[in-house]
1. Obtain the nm distance between the two label points defined at M97 and Q124 by a simple spin-label model: each point lies 7 Å from its Cα along the Cα-to-C-beta direction.
2. List every residue whose amide H lies under 5 Å from the amide H of R23, counting only residues 5 or more places away in sequence or on a different chain, with H placed 1.01 Å from N in the peptide plane.
3. Quick one: of K211/K269; K36/K265; K193/K277; K193/K269; K53/K89, which pairs are farther than 20 Å apart, Cα to Cα?
4. For region 190-292, what does the relative contact order come out to in percent, with C-alpha contacts under 8 Å and a separation of six or more?
5. Roughly what would the spin-label model give for R184 and L271, points 7 Å off Cα along C-beta, in nm?
6. Length gain on complete extension for the stretch D146 to Q235, per 0.36 nm per residue less the alpha carbon to alpha carbon distance?
7. Along the Cα-to-Cβ line of K89, 7 Å from the Cα, sits a label point; which residues in region 32-62 have backbone N less than 20 Å from it?
8. Can you list residues from other chains, or at least 5 along the same chain, whose modelled amide H is less than 5 Å from the amide H of L57?
Amino acid sequence: MDQAEQLRNIIKANSQPRRSLARVITVTSGKGGVGKSNTAINLAIQFRRMGQKVIILDADFGLANIEIMFGAVPKHNLCDLIYQGKNIKDIITWGPMEVGFISGGSGIAGMSNLSKDYLNYIIQNLTELDEMADTIIVDTGAGISDAVLEFLVASGEILLVTTPEPTSITDSYSLLKALGRHPRYSSEASQIKVIANKVSGEAEAEALYAKLEVVVERYLKVPIAYLGMIPQDEQLARAVMQQTPVSLDNPKAKSAVAYEVMAAKLMNKELNKNLTKRGMAAFFSHMISKRS
């Protein structure tokens with residue numbers, strides 16, 4: 001029995017007939033500094049206002065942007081679940097508006113080498129997340145590293161944050177190119193939605209998306225769609241300096257309103273009727289079995 005089949009059996013054994021599955025949304029970018037983590041945490045705040053239970057997984061191992069904006073240093077991370085016997089509740093830090101936060105640490109890369117008993121324990125805990133959250137937001141690192149690509153191919157819903165800077169557009173294209181070439185990428189299994197950040201308005205956002213779409217459509221077999229835009233906003237910059245989400249610091253700021261509009265679009269059942277919820281255990285099973 002290969003590891004992929006072993007994982008499927010473990011997940012099946014830990015499933016219950018009426019268990020709900022969390023929606024997993026992965027936020028990524030082709031380069032750093034484009035507002036990816038800001039997008040993740042502000043969307044989480046907006047989802048909470050809509051009655052959603054939300055947990056963020058910070059998978060950007062090199063930085064700690066989410067915990068800085070949370071204003072809290074987590075006592076434990078995912079490594080402690082994997083290697084130290086902690087349970088899932090031990091490693092969740094609760095931030096503003098009861099948004100949960102899990103620090104990924106650096107242990108995910110080694111999960112493919114774990115024994116069956118370890119996998120069983122981890123999958124049991126990850127399955128609990130589906131009971132604790134309606135939506136789980138995964139904040140990846142920036143760029144096209146193997147670790148980032150593994151998160152993206154495991155995700156059924158990807159939000160790609162880009163800006164009008166030529167380097168940002170180029171790096172977004174490079175990320176989509178690398179994703180499209182990944183042996184486990186499936187255009188039918190993943191939806192990629194583009195967010196235009198730091199734009200002057202809707203016209204610039206649509207022009208930005210059009211630039212990206214035309215080259216992606218011509219050269220790549222990676223379908224993308226336009227989700228929305230976040231405008232340049234002094235209030236957002238001020239909130240970042242104060243280490244707080246703009247959606248909390250100033251809910252009427254134009255950037256906060258834009259996040260609210262975007263969250264409503266993501267929660268619109270009609271617009272997302274073809275979306276399949278995989279749950280967190282299935283999300284990680286894709287990553288753990290990557291070479292099976």
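1. The modelled label-to-label distance comes out at 3.5 nm.
2. The list, which skips near neighbours in sequence, is T135, I136.
3. Working: K211/K269 29 Å; K36/K265 18 Å; K193/K277 16 Å; K193/K269 16 Å; K53/K89 15 Å.
From the list (K211/K269; K36/K265; K193/K277; K193/K269; K53/K89), the Cα-Cα distance tops 20 Å for K211/K269.
4. Details: 91 pairs, mean separation 22.9, N = 103.
Relative contact order, region 190-292: 22 percent.
5. 3.0
6. Numbers: separation 89, 0.36 × 89 = 32.04 nm, distance 3.50 nm.
Stretched out fully, the D146 to Q235 stretch lengthens by 28.5 nm.
7. Inside the label zone: 53-57.
8. Amide H neighbours of L57: I102, I137, V138, D139.
Read-outs throughout are calculated quantities, based only on the coordinates presented, and are distinct from any laboratory measurement. In this text the structure is predicted, and so the values were computed from the model without any measurement. All Cβ positions, glycine included, derive from the backbone under ideal geometry; neighbour counts span all protein chains shown.
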